[in-house]
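Colleague: My questions all concern the structure below.
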């Protein structure tokens, strides 16, 4: 077992079986929050089984060795704790929170659920039906339709091109044995990060984790060799007519992964364009021109190159103007350097929101575990803030020129309005 303390006051320990344990002591609140990350998620599914990790997250807490779904719920609720599972493209997550005195009881329960789920057939079928309802519901939501078709054309056969829910065909085909096989393959100690924050000492937390998880051994079988397809940048429009009250206009650009040097500058540009009521898109396109019901920018933090997206909801008759307006604002980033005041304001927004995102024990456990599972290390907490503070106007314009050229365009709205935009595409 090896231990290390970083300047962020988070202690990092690696158990003999490969589990990484992070502990942030916070004695001010009698709560312990824990995030158990697993290197799994939808990126590790076969394309024919898209939605598998999501379904597993929905069923994981519905039964484990010796306990039914109801018995698990009773154990958690009897002490006022919370426990739940989730998955996304880059990782799988089991979250728990409890008062400090009940932590030694709840952590072993979480370990039992994580290591020995039973995946009852009735629960699998119930959660699959719920997932299928969610998939169908998304088809009726113009924003979801626009975003799904955008990432589909941007990422082609890469896992990022598919919803974490999969689609009706793939979700319908997943069975209990698929969940068992996926769990046996990827849920192993050398793929686990346990991040703990709260009123507990590093020594006590690490000792408890080692007691609960220390006998978990890695299987002899090696992990599957995953080969992710190259993401080809081939911008093109995608259009879905739908009887809606407004048009959804999205422009997409292939950005970088969180590991790339250009990530901080792209994060800053996304904030400048679309974060809040003072953002460039809101002021120029909604306040001054009255075009937008909703307008913003998205640039998520991802293991692989992430989509840089600007979008607007607008009246059908304004669809063509909305496309031109969004493109103009993005294109300006490659020709007009940000003014010093705008540059500093964007930095302040990012760093302010970042600080506010580390107020609770749950947030602290989340962010450090997330950095660790992405391979960034807990020192990224400091490095990210330094990188944002050091972005210059020259950096911003260079990155805009590099990534924000010709966009993918995704449109959803009334057929007549969309037909009138085709000359712009």
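Nothing in this text is a laboratory measurement; each read-out follows from the coordinates by a stated rule. The shown structure was predicted, so the numbers you read here are calculated from the model rather than taken from an experiment. Cβ atoms come from the backbone with ideal geometry, glycine included; neighbour counts cover every protein chain shown.
Colleague: If you line up the long axis of helix 340-356 against the longest principal axis of the chain, both from Cα atoms, how many degrees apart are they, to the nearest 10?
Modeller: 20 degrees
Colleague: Still on this model: Using a Gaussian network model on the chain with a 10 Å cutoff between Cα atoms, which of 401, 312, 250 fluctuates the most?
Modeller: It is 401.
Colleague: In terms of the Cα gyration tensor, with a ≥ b ≥ c the square roots of its eigenvalues, is the range 240-320 rounded because a/c is under 1.5, prolate because a/b exceeds b/c, or oblate? Don't skip to the answer; put the middle values down first.
Modeller: Numbers: a/c = 3.53, a/b = 1.65, b/c = 2.14.
Oblate, since a/c reaches 1.5 and b/c is not below a/b.
Colleague: Looking at the chain, what % of the alpha carbon pairs are farther apart than 38 Å? It would help to have the intermediate numbers written out before the result.
Modeller: On the way: 25325 of 90100 pairs.
Above the 38 Å cut-off, the chain has 28 percent of its Cα pairs.
Colleague: Additional query: Given R₀ = 51 Å, what would the calculated FRET efficiency be for residue 86 paired with residue 289, taking r from the Cβ atoms and rounding to 0.05? Each step should come with its number before you reach the end.
Modeller: Details: r = 39 Å, r/R0 = 0.76.
Given R0 = 51 Å and the Cβ-Cβ separation, E is 0.85.
Colleague: Moving on. Arranged from highest to lowest average of other beta-carbon atoms within 10 Å per residue, in what order do the peptides 347-360, 118-131 appear?
Modeller: On the way: 347-360: 13.9, 118-131: 16.3.
Descending packing order for the listed peptides: 118-131, 347-360.
Colleague: Calculate the spin-label point distance for residue 379 paired with residue 68, positioning each point 7 Å from the Cα along the beta-carbon direction, and give it in nanometres.
Modeller: Here the modelled spin labels are 5.2 nm apart.
Colleague: Evaluate E = 1/(1 + (r/R0)^6) for residue 129 and residue 185, where r is the Cβ-Cβ distance and R0 equals 25 Å; express this FRET efficiency to the nearest 0.05. Present the calculation step by step, with values, prior to reporting the outcome.
Modeller: Details: r = 25 Å, r/R0 = 1.02.
The formula returns an efficiency of 0.45 here.
Colleague: On C-alpha positions alone, give me the angle between the axis of helix 393-403 and the longest principal axis of the chain, in degrees, nearest 10.
Modeller: So the inclination is approximately 90 degrees.
Colleague: Let me ask something else. What FRET efficiency comes out for the pair residue 122/residue 175, r = Cβ-Cβ distance, R0 = 22 Å, nearest 0.05?
Modeller: Values: r = 13 Å, r/R0 = 0.60.
Calculated transfer efficiency: 0.95.
Colleague: A follow-up question, please. By how many degrees, between 0 and 90 and to the nearest 10, does the Cα long axis of helix 319-332 differ from the longest principal axis of the chain?
Modeller: Between helix and principal axis, roughly 80 degrees.
Colleague: Per residue of the chain, what 222 nm ellipticity follows from adding -39500 (n - 2.57) for every DSSP H run with n ≥ 4, rounded to the nearest 500?
Modeller: -12500 deg cm²/dmol, from helical runs alone.
Colleague: Report, largest value first, the span of the C-alpha coordinates of the range 2-213 along each principal axis, in whole Å.
Modeller: 48, 39, 31
Colleague: If each residue's Cβ is checked for other Cβ atoms within 10 Å, how do 382, 174 rank with the fewest at the top?
Modeller: Numbers: 382 12, 174 23.
Lowest count first: 382, 174.
Colleague: Among rounded, prolate and oblate, which fits the range 237-424 when a ≥ b ≥ c are the square roots of the eigenvalues of its C-alpha gyration tensor, a/c under 1.5 means rounded, and a/b larger than b/c means prolate?
Modeller: prolate
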